[in-house]
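Notes follow the structure.
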Amino acid sequence: FAEFGKQWYQRRVRGSVGVVDVDVCGPSLARIMGVNGQTVHRSAAGWSPVYTVDDIAVMSIDFLLESEDSAVIWRGDKKTGMIRQFLSSVDWGELDYLIVDTPPGTSDEHLAVVSHLKETGVTGCVLVTTPQEVSLADVRKEVNFCRKLRLPIIGVVENMAWYECPKCEVRSEIFPATSGGAEGLCKGEGLRLVCRVPVSPKVGRSGDEGVEGEGMPAEYGLLVDEVVRFCG
Amino acid sequence: GINAEYGEFQTYQHYIKRINLRKIMTNVSTESTVSPGCDNVKIVITILSGKGGVGKSTTVAVMAGELASRGHSVGVLDTDLCGPSLSRMIGLKGSIHSCDQGWLPLRGAVGKGTISSISLSYLVDDQNEAVIWRGPKKTAMIKQFLGDVCWGELDYLLIDTPPGTTDEHMTVMEVIPGCSAILVTSPQAVSAADVLRQVTFCKKTGANVLGIIETMSGFVCPNCSDCGLIFGKGGGERLANHCGLPFLGSVPIDPSLSRSLDKGELLQNMGSSTSSQNYSDIVEKLLQT
């Protein structure tokens with residue numbers, strides 16, 4: 001999800017942006033940014049990230065794999081080592097923002113990012129959830145994780161909050177918020193609900209094709225504005 | 001949710017006293033016929049998906065309910081230690097008890113069958129607490145769940161996994177070399193690409209892939225009945241054809257199912273939601289293979 005928010009940075013943010021995908025087993029970021037299948041070059045300064053047409057620097061294990069169906073069957077310690085390399089051996093240049101996309105959970109990948117960035121520090125975290133309690137239950141754990149490791153939380157994004165029928169324009173809740181949704185969670189935890197994003201077939205399609213689509217939900221703009229404000 | 005009750009276990013051929021479920025790890029006396037591990041499980045199926053949020057745990061929960069209501073004894077194990085949502089969906093509540101031979105899963109009757117469940121959430125007091133474990137600790141816990149729990153004689157053991165192909169999946173394949181697998185994907189190509197990686201993983205580890213299930217396959221607008229293909233169309237079937245694997249079926253987005261799972265009322269509401277027929281058909285197909 002967060003990838004689309006990132007695409008908007010190019011338009012709205014004056015600054016250089018880098019994105020790194022630490023979901024080593026399921027690296028979908030490269031495809032969504034439209035740069036899958038490319039290779040990284042090694043120089044004296046380190047690995048060079050792949051740049052999108054909008055000059056966003058991307059690093060992903062996708063660029064190091066031989067083919068699309070190569071499986072990354074690594075245990076935790078090997079994943080940790082790779083993530084360390086992404087963060088330290090890549091020649092990012094001078095970046096204003098580095099966005100890290102993580103897999104679900106609170107495990108090796110997340111610890112690797114936090115421990116490696118201890119010196120520079122993580123400016124903030126954005127938590128993404130869907131409205132149902134099953135999802136919120138996991139996000140509460142993520143909140144707990146951030147608090148334990150003293151990571152500032154920028155806020156929560158509620159994804160797939162509703163669906164607008166393209167035919168009759170009636171809104172439906174596809175994942176009913178049986179326990180108050182993200183709004184309830186934010187109230188309970190004292191967090192900011194940054195935005196609620198609807199399900200959009202256009203977003204899904206543009207992610208598959210790696211192109212920035214027309215008609216991206218305007219709500220993503222709220223996310224970008226809030227992140228810029230928080231980091232500013 | 002349903003409170004798991006221990007009564008006469010004909011399959012174990014002994015009698016376990018009714019115990020107050022609020023106590024944790026109470027020792028239960030059993031005869032020595034109970035043995036730890038899953039050697040007496042007929043079919044073990046691991047359910048994998050490349051990406052998170054595609055409905056893997058939902059699929060495991062509903063499939064377990066469908067199999068049990070057809071009279072089978074089904075075990076469900078949640079190896080997603082950081083986000084153990086399966087236990088909430090199944091709706092069994094209680095604590096894990098132990099006997100001399102090992103741990104006992106929570107058990108509930110569903111129709112003519114039974115569901116036995118093990119999850120980290122039964123061991124954790126504060127459900128909001130983050131389980132921040134690295135690979136080796138997760139591996140050790142999963143080995144305990146597979147080796148120290150007295151699963152007993154089951155027709156099926158369904159193993160829910162976190163997304164990806166990492167410690168949890170490797171551990172399951174190592175402990176149960178004869179494991180079968182079912183892959184869950186949403187119709188999007190992004191999700192399908194991850195499933196391709198999982199197919200490779202299954203090949204490398206020797207897991208027998210029973211087939212592919214496509215979830216989030218469209219949504220029928222309750223107002224105008226137009227079926228919106230929110231995440232595209234046909235990705236799952238294309239993937240199955242591409243890999244030469246059986247396509248077990250597709251399941252639409254189902255808000256009423258989502259509601260049931262949130263409240264832990266799945267087992268009471270079996271068969272009553274929009275997607276129930278889809279899941280029933282998938283299980284029928286599975287039983288025929």
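The values are calculated or read from the model by the stated rules, or taken from the named source; none is laboratory data. Since we're looking at a predicted model, the values are computed, not measured. Quick reminder, even Gly has a Cβ in these numbers, built from the backbone with ideal geometry, and neighbours come from all protein chains shown. Surface areas here come from the heavy atoms of the whole protein model, side chains and all, with no ligands, DNA or RNA. Shrake-Rupley method; radii C 1.70, N 1.55, O 1.52, S 1.80 Å.
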Taking the condition under 16 Å from B:Thr274 (Cβ atoms), of a type outside the set (Ser, Thr, Tyr) and within 9 Å of chain A (Cβ to nearest Cβ), does B:Gly232 pass? no
Could you give me the residue pairs with C-beta distances under 6 Å whose first residue belongs to the stretch A:73-101 and is within 19 Å of A:Leu151 (Cβ to Cβ), whose second residue is open to solvent by 60 Å² or more (accessible area, probe 1.4 Å) wherever it lies, and which are 6+ apart or on separate chains? A:Arg84/A:His116; A:Leu87/A:His116
Could you list all residues from the stretch B:155-181 that are outside any helix (DSSP H, G or I) and surrounded by fewer than 24 Cβ atoms within 10 Å (Cβ to Cβ)? B:Asp155, B:Tyr156, B:Ile176, B:Pro177, B:Gly178, B:Cys179, B:Ser180
Applying the selection to the stretch B:100-109, what residues are among the hydrophobic types (A, V, I, L, M, F, W, C) and open to solvent by 10 Å² or more (accessible area, probe 1.4 Å)? B:Trp103, B:Ala109
If we scan the stretch A:49-68, do we find a residue that is open to solvent by 40 Å² or more (accessible area, probe 1.4 Å) and either at the interface with another protein chain (Cβ under 7 Å from one of its Cβ atoms) or in a helix (DSSP H, G or I) (or both)? yes
Out of the stretch B:130-152, which residues are within 14 Å of another protein chain (Cβ to nearest Cβ), surrounded by 19 or more Cβ atoms within 10 Å (Cβ to Cβ), under 12 Å from B:Glu168 (Cβ atoms) and touching a residue at least 40 places away in the same chain (Cβ under 8 Å)? B:Trp133, B:Lys138, B:Ile142
Against the condition touching a helix residue (DSSP H, G or I) at 6+ places or on another chain (Cβ under 9 Å), modelled with pLDDT of 50 or more and crowded, with 24+ Cβ neighbours inside 10 Å, how does B:Ala68 come out, does it pass? no
Taking the stretch B:241-266 and keeping only residues that are under 20 Å from B:Ile45 (Cα atoms), open to solvent by less than 50 Å² (accessible area, probe 1.4 Å) and either within 14 Å of chain A (Cβ to nearest Cβ) or in a loop (DSSP other than H, G, I, E, B) (or both), one is left with B:Cys243, B:Leu245, B:Val251
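Across the stretch A:101-151, which residue is farthest from B:Gly53 (Cα to Cα) among those that are in a strand (DSSP E or B) and open to solvent by 40 Å² or more (accessible area, probe 1.4 Å)? Write out each step before concluding.
First, pick out the residues of the stretch A:101-151 that are in a strand (DSSP E or B): A:101, A:125-129.
Next cut, open to solvent by 40 Å² or more (accessible area, probe 1.4 Å) only: A:126, A:128.
On the way: A:Val126: 17, A:Val128: 11 Å.
Per the stated criteria, the residue is A:Val126.
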Scan (1) within 30 Å of B:Ala192 (Cβ to Cβ); (2) within 13 Å of chain B (Cβ to nearest Cβ) for the single condition A:Asn144 breaks and write down its number. (1)
Number of positions in the stretch A:72-100 that are within 14 Å of another protein chain (Cβ to nearest Cβ), modelled with pLDDT of 85 or more and surrounded by 21 or more Cβ atoms within 10 Å (Cβ to Cβ): 3
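Return yes or no: is A:Pro176 within 20 Å of B:Met216 (Cα to Cα), open to solvent by less than 10 Å² (accessible area, probe 1.4 Å), outside any helix (DSSP H, G or I) and within 12 Å of chain B (Cβ to nearest Cβ)? Before the answer, list the steps.
Working: within 20 Å of B:Met216 (Cα to Cα): yes; open to solvent by less than 10 Å² (accessible area, probe 1.4 Å): yes; outside any helix (DSSP H, G or I): yes; within 12 Å of chain B (Cβ to nearest Cβ): yes.
Judged against the criteria, A:Pro176 is a match.
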Subset of the stretch B:111-129, residues in contact with a Gly (Cβ under 7 Å, 6 or more places away or on another chain) and open to solvent by less than 10 Å² (accessible area, probe 1.4 Å), comes to B:Gly113, B:Ile115, B:Ser116
